[in-house]
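The values are calculated or read from the model by the stated rules, or taken from the named source; none is laboratory data. Quick caveat, the model's predicted, so the values are computed rather than measured. In this analysis, Cβ positions are derived from the backbone assuming ideal geometry, glycine residues included, and neighbour counts consider all displayed protein chains. These accessible areas exclude ligands, DNA and RNA; they are computed on the full protein's heavy atoms, side chains included. Shrake-Rupley method; radii C 1.70, N 1.55, O 1.52, S 1.80 Å.
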Amino acid sequence: MERMELPEARQHHVLETLQMWKHALPDTRSAVLPPNTQHPNPLVIADSVVASVFAPGAICSLDKESGRLQWVYRLDGYGGSCLSHAGGRIYAKSSRTVYCLDAASGHPYWQFSPRPTGRETTYSFPTIHGDRVFFGDRAGVFHCLDARSGAQIWAQQVSTGKNNQVNSTAAISSDLVVVGSNDAVVAAYDIQTGRGAWMQSTDGPCITELLVQEEKIFAATAASIYVLDGSTGETHLKRNWQNMDVHSFTRCPASIVVVLKPTGARTSQPSSHSSSGPPQIIAFSGSTEMFRVDAAEFIVGIRFDDDSGLIFESRLDGIGIIDPSTGHRLHNIYSQNDVVGYGLVDVDGGRIYAMDMDRNMYCLRCPTNQVGVAA
């Protein structure tokens, strides 16, 4: 891929000048699957940094300080775009199976496949809540498992439509678990019993992670973002933008920040900047739009980092650090070598942990310690 023009930013940094260590993952063809959740990949867990590798599917753990490889666990299919950690255990997935591994050693505690003979049965990423694990499958079934044993507690058929896959990642709202379906519905179930609580129609498939803010559920389709009442499913607000599609979004303390791309635009193709204009980043709270600015090309995803109070942007051509109150890019990090793309990063102790789409994991010095202040 040809060198891309750098996006506008207050400061630009060559990745190699921030690099504290770099590790090339073994036997890897393609490390990063584009995210449809807010979970970083890799993920810092205690003294380790752990990653879900796409192809061939694997979970890898590296020492956080040195980048030394600690263990590798091979999966039975393509790896997911992220993983979770709770109670010393890692919860991850392949395209067929949900796994529970020991975070320190990679020892498997259990695995669950909704249809063991299926080729690719599971695109939904597991949500962990207390002693339960929730995920959907491509047959339209939403599963609740025991987090310790992997035993199924309950399962519900979300819909029976022609395209009824449950590929989204669920959210927890009080005593309900809420999930989206490709059949253009969002459904809520009682966490304990699996009893259906409510169902709401949408204007298209909901395949990304649902987010929760102040007892409201935020669900995205390609065209719109819905703000739903967590208890009843009532639509409080529906936001859409003419000639623009919802590419990714993140929850910030005071707003929802959305990346919009011209309808039909592809991340891997340069934009023609037609009449619909360039990609945009917008923020809204309720019916109030807080800002709208032009976005960078080739955005893979964004996520808000609670500790730093900043948005971290992952792109095919680098990593951006964005002020969530204005949408302005404070810092742009790019490699002086090949353009390879990056997954959603994790931030810990003033360092950025990243993985590129080739096979490299990085520990980088974070160039900012608070909004707008360079380290």
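Within segment 325-341, the residues that satisfy the criterion of being out of contact with any Leu (no Cβ under 8 Å at 6 or more places or on another chain) and closer than 27 Å to Ile256 by Cβ are Ser325, Thr326, Gly327, His328, Arg329, His331. The set of residues in segment 65-94 being under 21 Å from Asn182 (Cβ atoms), in a loop (DSSP other than H, G, I, E, B) and open to solvent by 10 Å² or more (accessible area, probe 1.4 Å) consists of Gly77, Tyr78, Ser81.
Residue count for segment 286-318 under the criterion of being in contact (Cβ under 8 Å) with a residue 24 or more places away in the chain and either in contact with a helix residue (DSSP H, G or I) (Cβ under 8 Å, 6 or more places away or on another chain) or farther than 15 Å from Leu6 by Cβ (or both): the result is 20.
Residue-level check: of (1) farther than 25 Å from Ser105 by Cβ; (2) open to solvent by 30 Å² or more (accessible area, probe 1.4 Å); (3) in contact with a strand residue (DSSP E or B) (Cβ under 9 Å, 6 or more places away or on another chain); (4) not in a strand (DSSP E or B), His12 misses just (4). Ser224 meets each of the listed conditions (1) without any contact (Cβ under 8 Å) to a residue 24 or more places away in the chain; (2) surrounded by fewer than 15 Cβ atoms within 10 Å (Cβ to Cβ); (3) within 15 Å of Ser181 (Cα to Cα) apart from (2). Take segment 107-143 and flag every residue that is farther than 16 Å from Ser95 by Cβ, in a strand (DSSP E or B) and either without any contact (Cβ under 8 Å) to a residue 24 or more places away in the chain or open to solvent by less than 10 Å² (accessible area, probe 1.4 Å) (or both). Those that are farther than 16 Å from Ser95 by Cβ, in a strand (DSSP E or B) and either without any contact (Cβ under 8 Å) to a residue 24 or more places away in the chain or open to solvent by less than 10 Å² (accessible area, probe 1.4 Å) (or both): Val133, Phe134, Phe142.
Just the residues that are of a type in the set (Asp, Glu) and either in a strand (DSSP E or B) or under 20 Å from Phe112 (Cβ atoms) (or both), please, taken from segment 32-64.
As a first pass, look at segment 32-64 and keep what is of a type in the set (Asp, Glu): 47, 63.
Across segment 32-64, the qualifying residue is only Asp63.
In segment 192-221, what residues are of a type in the set (S, T, N, Q) and either under 17 Å from Ser168 (Cβ atoms) or not in a loop (DSSP other than H, G, I, E, B) (or both)? Hits for segment 192-221 are Gln200, Ser201, Thr202, Thr208, Gln213, Thr221.
For the residues Lys64, Lys93, the requirement of being among the basic types (Lys, Arg) and touching a Pro at 6+ places or on another chain (Cβ under 8 Å) singles out Lys93.
Would you check which residues across segment 328-349 are assigned to a loop (DSSP other than H, G, I, E, B) and either open to solvent by less than 10 Å² (accessible area, probe 1.4 Å) or at pLDDT below 95 (or both) and list them? If you could, list the steps in order and put the result at the bottom.
Of the residues in segment 328-349, the ones assigned to a loop (DSSP other than H, G, I, E, B) are 328, 335-341, 343-345, 349.
Ser335, Gln336, Asn337, Asp338, Val339, Val340, Gly341, Gly343, Leu344, Val345, Gly349 - these are the residues of segment 328-349 that are assigned to a loop (DSSP other than H, G, I, E, B) and either open to solvent by less than 10 Å² (accessible area, probe 1.4 Å) or at pLDDT below 95 (or both).
Could you please let me know if Ala55 is out of contact with any Asp or Glu (no Cβ under 8 Å at 6 or more places or on another chain), surrounded by fewer than 22 Cβ atoms within 10 Å (Cβ to Cβ), aliphatic (A, V, I, L, M) and touching a residue at least 24 places away in the same chain (Cβ under 8 Å)? Yes.
Looking at segment 59-68, can you tell me whether even one residue there is free of Cβ contacts under 8 Å to residues at least 60 places away in the same chain, touching a Leu at 6+ places or on another chain (Cβ under 8 Å) and either over 26 Å from Gly341 (Cβ atoms) or of a type in the set (Gly, Ala, Ser) (or both)? Looking for residues that are free of Cβ contacts under 8 Å to residues at least 60 places away in the same chain, touching a Leu at 6+ places or on another chain (Cβ under 8 Å) and either over 26 Å from Gly341 (Cβ atoms) or of a type in the set (Gly, Ala, Ser) (or both), one finds at least one in segment 59-68, hence yes. Take Gln156 and tell me if it is open to solvent by 40 Å² or more (accessible area, probe 1.4 Å), modelled with pLDDT of 95 or more and assigned to a strand (DSSP E or B). Considered against the rule, which asks whether it is open to solvent by 40 Å² or more (accessible area, probe 1.4 Å), modelled with pLDDT of 95 or more and assigned to a strand (DSSP E or B), Gln156 comes out as yes.
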